[in-house]
Amino acid sequence: MKFDELNLHQSLTKAIKELKYETPTSIQQQAIPIILNNKDVLGSAQTGTGKTAAFALPILHHLINQKNSSKKIKTLVVTPTRELAIQIAENFTYYAKYTNITNTVIFGGVKQGSQTDRLKKGVDILVATPGRLLDLMGQGYISLNDIGFFVLDEADRMLDMGFINDVKKILEKLPMTDNHCFFQLQCQKI
Ligand code: AMP
């Protein structure tokens, strides 16, 4: 299978070509058509299998095609560690190079000033670790009212790390209508 067969927006296939991705990986072949079709996904993939692009590309495709160009947060990705959060945000930036879809990343352990400054300007996609997300939501910097796509990345690791109550609190704040959820499980060995 070639990326062209997935019918992703041409600005995305252009960025993918530049990254020298030739064929979609197994998780991408399976997940991308389902997400393009607006269905929820529970995916399980080993490290390095291209799981980030499996959700990032179809979400970007939807955001490009949406008429709503307001810079309200429309996609939320929650992930357990700062390193993963930064990596995911970088991937969104690469793939969205030829679009006007923006992202930012927030995580704990650092001062919040530069993160809240960025949020105030408005952003389409937010990648976050759970604690800082809840903190900034509590302070009124983040609203989840416009979220259409929600990704729980490395959901199993998140639970192992004791984030269950934080995840529950985040889920409670998601709007209940027209919301698509993708749960991504990380497996070292399958
Ligand atoms: P991930 O599993 O999302 O952390 O991705 C692992 C690495 O594979 C990253 O460096 C991606 O840029 C790269 N990658 C993702 N999808 C593909 C693909 N279809 N072809 C080649 N490399 C890819």
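Exposure check, 1.4 Å probe, all protein chains in place: ARG157 carries approximately 90 Å² of accessible surface.
Remark: the range 94-100, residue by residue, has Karplus-estimated 3J(HN,Hα) of 4, 5, 8, 3, 9, 10, 9 Hz, where x stands for each Gly or Pro and the curve is 6.51 cos²θ - 1.76 cosθ + 1.60 at θ = phi - 60°. Semi-axes of the equivalent ellipsoid of the chain are 25, 19, 15 Å, computed as sqrt(5λ) over the eigenvalues of the C-alpha gyration tensor in descending order.
Taking every protein chain into account, the 1.4 Å probe leaves PHE182 with about 10 Å² of accessible area, to the nearest ten.
Could you tell me the distance between the Cα centroids of the range 39-80 and the range 96-171, to the nearest Å? About 13 Å separates the Cα centre of the range 39-80 from the one of the range 96-171. The string of couplings for the range 55-64 from the Karplus curve (6.51, -1.76, 1.60, θ = phi - 60°) is 9, 5, 5, x, 5, 4, 3, 5, 5, 4 Hz, one whole number per residue in order, with x for Gly and Pro. The residues VAL105, VAL127, sorted by heavy-atom accessible surface at 1.4 Å with ligands and nucleic acids left out, run VAL105, VAL127 from largest to smallest. Considering only the Cα atoms of the range 107-168, their convex hull presents on average a projected area of 4.6 nm². The heavy atoms of ILE35 offer some 0 square angstrom of accessible surface to a 1.4 angstrom probe. Ranking THR81, ILE27, PHE107 by Cα position along the charge dipole of the chain, where only Lys, Arg, Asp and Glu carry charges on their C-beta atoms, puts PHE107 farthest toward the positive end.
Return the inverse of the average 1/r over all pairs of distinct C-alpha atoms in the range 8-61, which is the Kirkwood hydrodynamic radius, in Å to one decimal. It would help to have the intermediate numbers written out before the result.
On the way: mean 1/r = 0.0879 Å⁻¹.
Kirkwood radius, the range 8-61: 11.4 Å.
Relative contact order, whole percent, for the range 33-108 stands at 30, derived from Cα pairs under 8 Å and 6 or more residues apart. Once the gyration tensor of the Cα atoms in the range 80-190 is diagonalised, the equivalent ellipsoid follows with semi-axes of 20, 17, 16 Å, ordered largest first. Counting lysine pairs in the range 87-175 whose alpha carbons fall under 24 angstrom apart, excluding pairs fewer than 8 residues apart on the same chain, gives 8. So what does the Cα-only Debye profile of the range 37-119 read at q = 0.11, 0.20 Å⁻¹, as log10 I(q)/I(0), no solvent term? Treating every Cα as an identical point scatterer, log10 I(q)/I(0) equals -0.33, -1.08. Each Lys or Arg adds one and each Asp or Glu takes one away; over the other residues whose Cβ falls under 13 Å from the Cβ of MET137, this sums to 0.
Each of ASP156, ASP40, ASP135, ASP124 has its accessible area taken with a 1.4 Å probe; listed largest first, they run ASP40, ASP135, ASP156, ASP124. Mean sequence separation of contacting Cα pairs (under 8 Å, at least six apart), scaled by the length of the chain, corresponds to a relative contact order of 26 percent.
The values are calculated or read from the model by the stated rules, or taken from the named source; none is laboratory data. Here the structure is a predicted model, which is why all the values come from computation and not from measurement. Positions of Cβ are backbone-derived with ideal geometry, glycine not excepted, and every protein chain shown enters the neighbour counts. Heavy atoms of the whole protein, side chains included, go into the accessibility calculation; ligands, DNA and RNA do not. Shrake-Rupley method; radii C 1.70, N 1.55, O 1.52, S 1.80 Å.
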